[in-house]
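These notes are about the structure you will find just below.
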Amino acid sequence: MSLKTLSVSCWMLFSLCVSPVRAGVSAAAEAYEQQRWDDVISLLQSTQADSDSNRLLALAYYNSQDIDAALPALRSALETNPGDPELSQALLDFLIADRLYSEAAPVIEELAASGAESQAQFGRARIAAAQDETDRASGILDELVDGAEPGLAQKSADLLIELLIADDQAGKAYEVAQRAIARDPDSKHAAGAWQ
């Protein structure tokens, strides 16, 4: 057998082994775009792991709210995709929900370092609110209502309104809702809840 024939044979064998893996990841990516989390999980659980499949699998676990599977998958995916803002945000959500604030702090710093400073600030505000540091949380959220991208500004307005109402500051909560409406007239705040 010539060297050329051997190399072509090896390439064909490699292609046969890799093609199903790539096809599985492609199908999973399509399912992910369609928000079919269970399909993503079933397609990727049996696939040979690489950074793309680890990332998709972790985010599918996160979006399906499978906490037990999501936490280790997110940590593993962040090892192969360090600084990925979407993975970091997903991990941060679970850590804050589980009140693992000391573990959340480095994730917040990674978000900030990756250029997602507003997301990092929102994480800091959520932790401050959970630890009854209402003034600190309110200050951060107040800045985000006016300065963050619209989706995050709405999340910030929601949390700030919740904090203000809990503190018997309905007038200020109304003002925050009005600012949120001014930023995004199609927001849920504009739907009549505060008008």
For region 140-155, take each phi angle, set θ = phi - 60°, evaluate the Karplus expression 6.51 cos²θ - 1.76 cosθ + 1.60, and give the result in whole Hz per residue in order, putting x for glycine and proline.
5, 5, 4, 5, 5, 4, 8, x, 7, 4, x, x, 6, 4, 5, 4
List, in order, the whole-Hz ³J(HN,Hα) value for each residue of region 29-43 obtained from phi through the Karplus relation with A = 6.51, B = -1.76, C = 1.60 and θ = phi - 60°; use x for Gly and Pro.
5, 5, 4, 4, 4, 8, 6, 9, 4, 4, 5, 4, 4, 5, 5
Across region 61-104, how large is the tail of the calculated P(r) beyond 16 Å, expressed as a percent of all Cα pairs?
28
Hey, what do the phi angles of region 88-104 turn into as Karplus ³J(HN,Hα) couplings, whole Hz, using 6.51/-1.76/1.60 and θ = phi - 60°, x for Gly and Pro?
4, 5, 5, 4, 4, 4, 5, 5, 5, 4, 8, 6, 9, 5, 5, 6, 6
Which net charge results for the neighbourhood of Asn81, defined as the other residues with beta-carbon distances under 14 angstrom from its beta-carbon, given Lys and Arg at +1 and Asp and Glu at -1?
-4
Once a ≥ b ≥ c are taken as the square roots of the eigenvalues of the Cα gyration tensor of region 47-142, is the result rounded (a/c under 1.5), prolate (a/b larger than b/c) or oblate (a/b not larger than b/c)?
prolate
Counting only protein heavy atoms, what percent of the accessible surface of region 101-168 is carbon or sulfur at a 1.4 Å probe?
48
Along Cα→Cβ, 7 Å out, is where each label goes; now give me the distance between the ones at Asn81 and Asp135 in nm to one decimal.
4.1
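The values are calculated or read from the model by the stated rules, or taken from the named source; none is laboratory data. For clarity, every value in this text was computed on a predicted model and none was experimentally measured. All Cβ positions, glycine included, derive from the backbone under ideal geometry; neighbour counts span all protein chains shown. Just the protein is used for accessible areas: all its heavy atoms, side chains included, with ligands, DNA and RNA removed. Shrake-Rupley method; radii C 1.70, N 1.55, O 1.52, S 1.80 Å.
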